[in-house]
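Enquirer: Before I ask anything, let me first share the structure, which is written out below as structure tokens.
The values are calculated or read from the model by the stated rules, or taken from the named source; none is laboratory data. The structure presented is a predicted model; accordingly, all values stated were derived computationally and were not measured. Neighbour counts are summed over all protein chains in view; Cβ atoms, including those assigned to glycine, are modelled from backbone coordinates with ideal geometry.
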Amino acid sequence: MKLAVLSAFVGLSFLCSALVFAAPDNSETGQPDALDEIVVTATRVESAIRDVARSVSVIDKEQIQNGQQLLGLDESLAGVPGLYMQNRYNFAQDLKISLRGFGARSSFGIRGVRIFVDDIPETLPDGQAQVDSIDLGSTSRIEVLRGPASTMYGNAAGGVIAVFSELNESAPYVEAAVAGGNYGYQRYQLKAAGAYRSLDYMLSGSHTELDGYRDFSRARGTAVNGKFGIELTDRDVLLIAVNQTDQPQAQDPGGIDATQLAADRRSARLLNEQFDAGEELSQQRIGGVYRTDRLGGTLMLRNYYVWRDFTNRLPFVAGGAVDLQRFFYGLGAQYSFPDAMAGRLKLVTGFDVDRQDDDRQRFDNNNGTVGAMVFEQNESVDSNGVFLQGQFTWSDDWSMLAGLRYDDVKFDITDYFLGDGNDSGTLDFEQWSPSVAVNYKAESGVVFASWSSSFETPTTTELANPDGTGGFNSTLMPQVAYNYEIGFKSSRASLFYEVSVFHIDLEDELIPFEIASSPGRTFYSNAGSSTRNGVEAAISWHASNGLTADLSYTWSDFTFDEFVEDGEDFGGKQLPGLPEHFAYLGLTYAARAGLSATFETLYSGSLYTSNDNATAVGSYAVSNFRLGYEWSPGDWMIRPYIAVNNIFDEQYNSNIRINALGGRYYEAAPERNVFAGIVVDFRRSSTAP
């Protein structure tokens, strides 16, 4: 099978290369090279994608917002190679995001991948993140940095997803959107943006409701998102981002076993209903980023504060109800020197200081009613990091990039529930993260090679003791990864093509498991070592007649090398929860008359549900279709649309719960379903003097 896949990949590479070399040279057509046009900032230095010796994907506003249901990031990022996503429809568990395998272990929230919104971290100092506060209806751009990036961002940087809200619109506008569809889907949004003197502004409010395909999966949420840019002087800009998110209901239907799945795909686990499993949350975020050009360089300062109130109920009695009051904040600075050594050397240096303070209580869950307290502790995490990156260009074609970062992550627990003893304590993890890369600009494109490292500490939740007591599971260690990568990217006229091959060695990989006394709650252990090999390829073609084609393919071979747990040897087994192959095909047609249509297919190969690889879930392909029409009478824009998800009514699972007790791996995905909406936009075509 591996030989067949590699042969197919080689064939695809030759085909793409033929297309690349057959396309007209940009110097002859007079068209700019997209590798120079696309600028990314997720690398901490604003650079053309040609100069970034890493695998980077960029998603624009049209792909994010036009005709989408706007339930989760996976709608927009489905075509990014190496990025595998599950769990769009269980809002109590959050979207599961995996980049080259990092994040696959998560049973709640996001692990191993750093998330930023308007340059403000959504990832906590301990490495966990949520994306429930991201307002996709006001998002203009998403950058995905694929592969380990601890040199830039420290803990839990197996990859980076940077989300940017709209700002700097050409003309002031007010926009209203309404959508609805099967399974009780409703969404309403009102958005306004523009400029007044030295102030750019965007303010958006949205409300979403979904009854869900499965029983007991209702969710409701409201979000207010704002972004403001203030031009203080010609050289000084202050960006302020604010967000308020309320999710008063997110039911958790739980994972079910194969027998229950076959009998009724829409059913919920009975214990989840009995114990009223689910969560409620409220979060407020405010942050500022200040940029100034001084002394031949650019200084950026950031400061942010986030408050999060969270409660959830799990399907068991002892400690099954959780109340969490969280406050996390941080500040950082970086200074870039773009013109050292006559412009041949670019340097950026800086520091990050982030703090997390959690007051966590657990109570008995008496069939959905909160009972006696059984656990109370304060969990604080201090994360400090300093970094230095440099790019040296020794000729017009060759450049070298190198970086080094030092991080100190300290966990401190104060136990207030002393009836079972005092479990207070501290853990301190220190790590150096180096990287080096070479970039070569050939006539046909850019070739790059890189080596980088990353590390990932257990989160405060993952450090929980399986014996049910407070304090830390002191046996857990951070996982460390070493990434080797070689890639090629090219742009000729209307065609963009990229391919990368990577090898990752991991030590002490964090693996989830469940125990009989707390079904539905996940604990963690370390694997000895594991290996990840993969190939990522993508093609994007834009025709002059309005047709766009996007194709991506990922092959992965993620294997445990040394892993013995409870006397069972998992050496040679595949990492569960991830397919060996997955791919995306998207075809979009946008006519000048205002008609637009998109057809897309997502393919996922088979995958294993547990460490022993005893049970496999079959492959599937899901196709979606969107149709819209846009016309602009005067200052108005009106865009109705209709969409069909899962056109061919494929039966598949939207999520697999890895190593779930009792074979409760499966969360069934919706059947064929329809939604429709309309967007009305009033935009001033001219501004009064």
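Enquirer: Which count do you get for residues in the stretch 319-361 that are part of a loop (DSSP other than H, G, I, E, B) and over 20 Å from Ile413 (Cβ atoms)?
Expert: Residues meeting the conditions: 5.
Enquirer: If I ask for residues that are touching a residue at least 40 places away in the same chain (Cβ under 8 Å), over 18 Å from Gln186 (Cα atoms) and not hydrophobic (A, V, I, L, M, F, W, C), which ones from the stretch 635-652 would you list?
Expert: If the condition is that a residue be touching a residue at least 40 places away in the same chain (Cβ under 8 Å), over 18 Å from Gln186 (Cα atoms) and not hydrophobic (A, V, I, L, M, F, W, C), then Asp635, Gln651, Tyr652 are the ones that fit.
Enquirer: In addition: Determine which member of the set Thr259, Thr233 is hydroxyl-bearing (Ser, Thr, Tyr) and either within 16 Å of Leu71 (Cβ to Cβ) or modelled with pLDDT of 95 or more (or both).
Expert: Only one candidate passes the filter, namely Thr259.
Enquirer: Exactly one condition in (1) within 30 Å of Ile504 (Cα to Cα); (2) in a strand (DSSP E or B); (3) in contact with a Gly (Cβ under 8 Å, 6 or more places away or on another chain) is false for Met202; which is it?
Expert: The number of the failed condition is (1).
Enquirer: Here's a follow-up. Of all residues in the stretch 469-493, which are farther than 30 Å from Phe411 by Cα and either under 28 Å from the mean Cα position of the chain (by Cα) or among the aliphatic types (A, V, I, L, M) (or both)?
Expert: Across the stretch 469-493, the qualifying residues are Tyr484, Glu485, Ile486, Gly487, Phe488, Lys489, Ser490, Ser491, Ala493.
Enquirer: Going through the stretch 162-202 one residue at a time, which ones are surrounded by fewer than 19 Cβ atoms within 10 Å (Cβ to Cβ) and of a type in the set (Val, Ile, Thr)?
Expert: Val174, Val178
Enquirer: List every residue pair whose Cβ atoms lie under 6 Å apart, where the two residues are 6 or more positions apart in sequence or sit on different chains, the first residue falls within the stretch 664-686 and is under 30 Å from Ile515 (Cα atoms), and the second residue, located anywhere, is aromatic (Phe, Trp, Tyr) and in a loop (DSSP other than H, G, I, E, B).
Expert: Pairs that qualify, where the first residue is under 30 Å from Ile515 (Cα atoms) and the partner is aromatic (Phe, Trp, Tyr) and in a loop (DSSP other than H, G, I, E, B), are Ala669/Tyr652; Pro670/Tyr213.
Enquirer: To continue, here is another question. Can you find a residue in the stretch 290-300 that is surrounded by 14 or more Cβ atoms within 10 Å (Cβ to Cβ), more than 29 Å from the chain's Cα centre (by Cα) and in a helix (DSSP H, G or I)?
Expert: no
Enquirer: Pairs please, first residue from the stretch 40-51 and more than 20 Å from Tyr497 (Cα to Cα) and at pLDDT 85 or above, second anywhere and of a type in the set (Asp, Glu) and part of a loop (DSSP other than H, G, I, E, B), Cβ atoms under 9 Å, 6+ apart in sequence or on different chains.
Expert: Thr41/Asp119
Enquirer: Is there a residue in the stretch 286-305 that is farther than 25 Å from Phe164 by Cα, of a type in the set (A, V, I, L, M) and without any contact (Cβ under 8 Å) to a residue 12 or more places away in the chain?
Expert: Looking for residues that are farther than 25 Å from Phe164 by Cα, of a type in the set (A, V, I, L, M) and without any contact (Cβ under 8 Å) to a residue 12 or more places away in the chain, one finds at least one in the stretch 286-305, hence yes.
Enquirer: Related question: Give the residue that is modelled with the highest pLDDT, with candidates limited to residues of the stretch 592-611 that are in contact with a strand residue (DSSP E or B) (Cβ under 7 Å, 6 or more places away or on another chain), assigned to a loop (DSSP other than H, G, I, E, B) and more than 29 Å from Val644 (Cβ to Cβ).
Expert: Once the filter is applied, the top-ranked residue is Thr609.
Enquirer: Just checking, how many residues over the stretch 493-506 are surrounded by fewer than 22 Cβ atoms within 10 Å (Cβ to Cβ) and either in contact with a Pro (Cβ under 9 Å, 6 or more places away or on another chain) or modelled with pLDDT of 95 or more (or both)?
Expert: Counting residues in the stretch 493-506 that are surrounded by fewer than 22 Cβ atoms within 10 Å (Cβ to Cβ) and either in contact with a Pro (Cβ under 9 Å, 6 or more places away or on another chain) or modelled with pLDDT of 95 or more (or both) gives 4.
Enquirer: Has the stretch 657-672 got at least one residue that is under 30 Å from Ala195 (Cα atoms), among the charged types (D, E, K, R) and surrounded by fewer than 19 Cβ atoms within 10 Å (Cβ to Cβ)?
Expert: No.
Enquirer: Can you name the residue in the stretch 203-215 that is surrounded by 20 or more Cβ atoms within 10 Å (Cβ to Cβ) and more than 23 Å from the chain's Cα centre (by Cα) and, of all such residues, is nearest to Tyr183 (Cα to Cα)?
Expert: Per the criteria, the residue is Tyr213.
Enquirer: Here's another thing I want to ask about it. Being free of Cβ contacts under 8 Å to residues at least 40 places away in the same chain and under 12 Å from Glu498 (Cα atoms) is the filter here; which residues of the stretch 537-550 pass it?
Expert: Passing the criteria: none in range.
Enquirer: Is there any pair with a first residue in the stretch 554-577 that is among the basic types (Lys, Arg) and a second that is surrounded by fewer than 16 Cβ atoms within 10 Å (Cβ to Cβ) whose Cβ atoms are under 6 Å apart and which are 6 or more apart or on different chains, and what are they?
Expert: Final answer for the pair search is none.
Enquirer: Output the number of the condition that Ser383 fails; it satisfies all remaining conditions of (1) more than 23 Å from Ala516 (Cα to Cα); (2) surrounded by fewer than 17 Cβ atoms within 10 Å (Cβ to Cβ).
Expert: Of (1) more than 23 Å from Ala516 (Cα to Cα); (2) surrounded by fewer than 17 Cβ atoms within 10 Å (Cβ to Cβ), only one is false for Ser383: (2).
Enquirer: To continue, here is another question. Residues that are under 21 Å from Gly79 (Cα atoms): list the strands (runs of 3 or more DSSP E) wholly contained in the stretch 623-689 that include at least 3 such residues.
Expert: Answer list for the stretch 623-689: 636-645, 653-656.
Enquirer: Mind listing just one residue for me: the one in the stretch 317-349 that is under 27 Å from Thr151 (Cα atoms), free of Cβ contacts under 8 Å to residues at least 60 places away in the same chain and small (Gly, Ala, Ser) and, of those, surrounded by the most Cβ atoms within 10 Å (Cβ to Cβ)?
Expert: Gly332
Enquirer: Among residues belonging to the stretch 566-584 that are part of a strand (DSSP E or B) and either within 20 Å of the chain's Cα centre (by Cα) or on the phi > 0 side of the Ramachandran plot (or both), point out the one that is surrounded by the most Cβ atoms within 10 Å (Cβ to Cβ).
Expert: Among residues in the stretch 566-584 that are part of a strand (DSSP E or B) and either within 20 Å of the chain's Cα centre (by Cα) or on the phi > 0 side of the Ramachandran plot (or both), the one surrounded by the most Cβ atoms within 10 Å (Cβ to Cβ) is Phe582.
Enquirer: Restrict the check to the stretch 72-80 and report whether at least one residue is under 17 Å from the mean Cα position of the chain (by Cα), modelled with pLDDT of 90 or more and farther than 25 Å from Gln186 by Cα.
Expert: yes
Enquirer: Looking at the stretch 631-643, which of the residues that are buried (at least 18 other Cβ atoms within 10 Å of the Cβ) and touching a Lys or Arg at 6+ places or on another chain (Cβ under 7 Å) is nearest to Ser204 (Cα to Cα)?
Expert: Tyr641
Enquirer: Taking Ile647, is it in contact with a strand residue (DSSP E or B) (Cβ under 7 Å, 6 or more places away or on another chain), more than 30 Å from Ala268 (Cα to Cα) and modelled with pLDDT of 95 or more?
Expert: Criteria not met by Ile647.
Enquirer: Step by step: first the residues of the stretch 247-259, then only those that are in contact (Cβ under 8 Å) with a residue 24 or more places away in the chain and surrounded by fewer than 18 Cβ atoms within 10 Å (Cβ to Cβ), then the one that is farthest from Leu661 (Cα to Cα). Which residue is that?
Expert: The residue in question is Pro248.
Enquirer: So, one more: What strands (runs of 3 or more DSSP E) completely inside the stretch 410-521 contain at least 3 residues that are over 25 Å from Val322 (Cα atoms) and either touching a residue at least 60 places away in the same chain (Cβ under 8 Å) or not hydroxyl-bearing (Ser, Thr, Tyr) (or both)?
Expert: Qualifying strands (runs of 3 or more DSSP E): 425-442, 445-456, 479-492, 495-507.
Enquirer: Please go through the stretch 139-183 and pick out each residue that is part of a strand (DSSP E or B) and either touching a Cys at 6+ places or on another chain (Cβ under 9 Å) or of a type in the set (Val, Ile, Thr) (or both).
Expert: Thr139, Ile142, Val144, Val160, Ile161, Val163, Val174, Val178
Enquirer: When Phe563 is evaluated against the numbered criteria (1) crowded, with 18+ Cβ neighbours inside 10 Å; (2) more than 21 Å from Ile97 (Cα to Cα); (3) at pLDDT 95 or above; (4) not aliphatic (A, V, I, L, M), which criterion, by number, is the only one it fails?
Expert: (3)
Enquirer: Would you be able to say whether some residue in the stretch 328-339 is modelled with pLDDT of 95 or more, on the phi < 0 side of the Ramachandran plot and of a type in the set (D, E, K, R)?
Expert: Within the stretch 328-339 (the criterion being modelled with pLDDT of 95 or more, on the phi < 0 side of the Ramachandran plot and of a type in the set (D, E, K, R)), the answer is no, since none of the residues qualifies.
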